[in-house]
1. Treat each spin label as a single point 7 Å out from the Cα along the C-beta direction, and report the S40 to S552 distance in nm.
2. What FRET efficiency, computed as 1/(1 + (r/R0)^6) with R0 = 35 Å and r the Cβ-Cβ distance, is obtained for A117 and A215, rounded to the nearest 0.05?
3. Report the extension gain between Q236 and A276 in nm, rounded to one decimal, defined as 0.36 nm multiplied by the number of residues separating them, less their alpha carbon distance.
4. Taking 0.36 nm per residue of sequence separation and subtracting the Cα-Cα distance, how much length would be gained by fully extending the chain between L79 and R262, in nm to one decimal?
5. Expected output is a single nm value to one decimal: the length gained when fully extending between N297 and D8, i.e. 0.36 nm times separation in residues minus the C-alpha distance. What is it?
6. Can you tell me what share of the DSSP beta bridges in segment 442-597 is antiparallel? A percent to the nearest 5 is fine.
7. 222 nm [θ] for the chain, helices only, -39500 (n - 2.57) per DSSP H run of 4+, per residue, to 500?
8. Listed here are the pairs K135/K266; K34/K154; K163/K219; K219/K317; which of them are more than 22 Å apart at the Cα?
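Where a number appears in this text, it was derived from the coordinates with a stated rule and is not lab data. Remember, it's a predicted structure, so these values are computed and weren't measured experimentally. No Cβ is skipped: glycine too gets one built from the backbone with ideal geometry, and neighbour counts run over all protein chains shown.
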Amino acid sequence: MPSRRDTDFTAPDFDPDAFLDLVAADVGLIQRQKLHDILSRNANVEYLQRHGLNGRTDVASFKQCLPVINYQDVETDILRLVNGDTSAPILTAEPIVEFQLSSGTMGGKPKYIPTTARYAEYSLFYQSLVNAMCKKQFKEWRNGKSLDLRSAGKLTDTPSGLKAGSATTNYLKSAMFTDPRIEPDVSCSPIEVYLCDDFNQATYCHLMCSLTQAAEIVKFHSLFAASLVAAVQILQKCWVEMCEDIRSGTPNAKILNPELRRAMEKILKPDPQLAAMIERECSKNDWAGIIPRIWPNTVVITTILSGSMQHYVPILKHFAGNNIALVSLFYGSCECHLLGLNVRLNCPTDQVEYMIWPESAYFEFIPVAADDSHADNIAPHSTGKKTRQLVDTADVELGKEYEIVITTVCGLYRYRVGDVLKVKGFRKTTPIFEYIGRQNVVLSIASEKTDEAELNSVVHKAARQLEGTGTELAEFSSMADMLASPAPCYVLFWEITARCNGILDAEVLQKCTNTLDLSFNPRYRRWRNEGQIGPLELRIVTEGAFKQLMDSAVSRGTSSSQYKTPRHVKSPSSALEILDAAVVATFKSHANPMGNVDPPPS
Ligand code: AMP
């Protein structure tokens, strides 16, 4: 197995492709060794003892003894750790050093993922390898500066004395972030900007720092594409103030965080010429190609673009123009850090794929059949439910979809991450996956189950009707309105932005509503036809409503860098209240779910 400890990723002769080939050469072997390593290190932990593994480390015993679990199955053990139970090693032999808060929740409660020092080791490895890959692909990577839009959220204390925070927050607040082996000092922003836990202030300052060094910026980075789009929207909203700050050399009064203010005072020098350039570009009120117009040497934007982030690709392309590469580097989660790596950095944005990273965890895959209702059908060892055979990494089949299950060195054993992946190919023996979506269903009224992937594709199909109106879909979410009359119905919330004098056209929006209603799965249409599901409703919200939703989540502790717009909101919930308060127009479908469109009621 290629060992990352022996590898110098910064050596001039380091060849990332040869290294990837080495990692990919024998996935079965690496996986067996990985499992052996995890189980032998943790042989005496309570969890493995409880399930009768008794120190065995082979694949067969592991599969025979251990159940496939969700977070709720291990929550009691995790909460013991959170509450400081040190009576025995519970999940890992190595000490827990902090908790990652997953962006997913369980019934609104946070999910705490315990981590050991080894997690940090993986971060070091991942960052170094990705840097080497990017340096090879983009020559400019070595020289210029980066506008890195990440910022830390809040850390919370747990009774154990350990901190809990999002993976990004933990990382930015750790010594690793300032370790020159990981983050060579190429950022345009000082550390104070990263550490500010107010997303708006931090993003404003990231942008300001990049504006003062506009010619040196060669790359943009954010964890998820949503934060990058949010940053450009802040520029759209605040460019007049930004120009004023640059002209006067004084940070804006709304930068309240004292450390941040001091840091910005050091950076800002009066520069009327620069202010005039930014004013000239922003006052055109045309945001096409705004990134190269203001930061002319930018060659690449690295940010996650797959899954629910696909939605942001068109607007990002609009801002970036045709000559800046958009690269989705990796697929990860706080439970495992690196799940997959994009080994084809120049792939088109609609064909992003990730090679499973066989050194990160021991992986298993639950086959997902096309007719699956997904939830509840895989529960080995549980109460008489249907059991499906899990497949090893070496045995997944091309074209098939699977739900990913992980066993990690940080104490999760046969844990369902909740994501569905599709096998698109192999590098040597190692599978390369497309990220399909969260396994869980987001909308269900009758027996139909609509998942996130379907919701995304239906929304995008309907939103195509906005083409040519000068408007476009900026954000969306959904809910099942179980109290609607005459029958429960799907409700879609859309935030629409207008470009170049575009205005909302009621006729077009009615068509979008009908298309949405006609485009869900056959079961949905059947229940619609039979009246169990009522006509779909489209609610248009004011611009900024989804930003408000994000601010509200961030104020409750979600990391702004990891925030993802919820594509589904519950009723009742504070998210629904925010969206409902912002509704400016409502459309009810006139579509006949069997395919025809009824005339509107008079
Ligand atoms: P978190 O629990 O906050 O670390 O979020 C992890 C989840 O984010 C994963 O389980 C995925 O659902 C999603 N995610 C992470 N990386 C990607 C990616 N490259 N493409 C699409 N979704 C992703």
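1. Inter-label distance under the simple model: 5.3 nm.
2. 0.30
3. Full-extension gain reported as 12.8 nm.
4. Extra length from L79 to R262 when fully extended: 61.9 nm.
5. Working it through step by step, the gained length comes to 101.1 nm.
6. That works out to approximately 75 percent antiparallel.
7. Calculated from helices alone, the mean residue ellipticity at 222 nm is -10000 deg cm²/dmol.
8. From K135/K266; K34/K154; K163/K219; K219/K317, over 22 Å: K135/K266; K34/K154; K163/K219.
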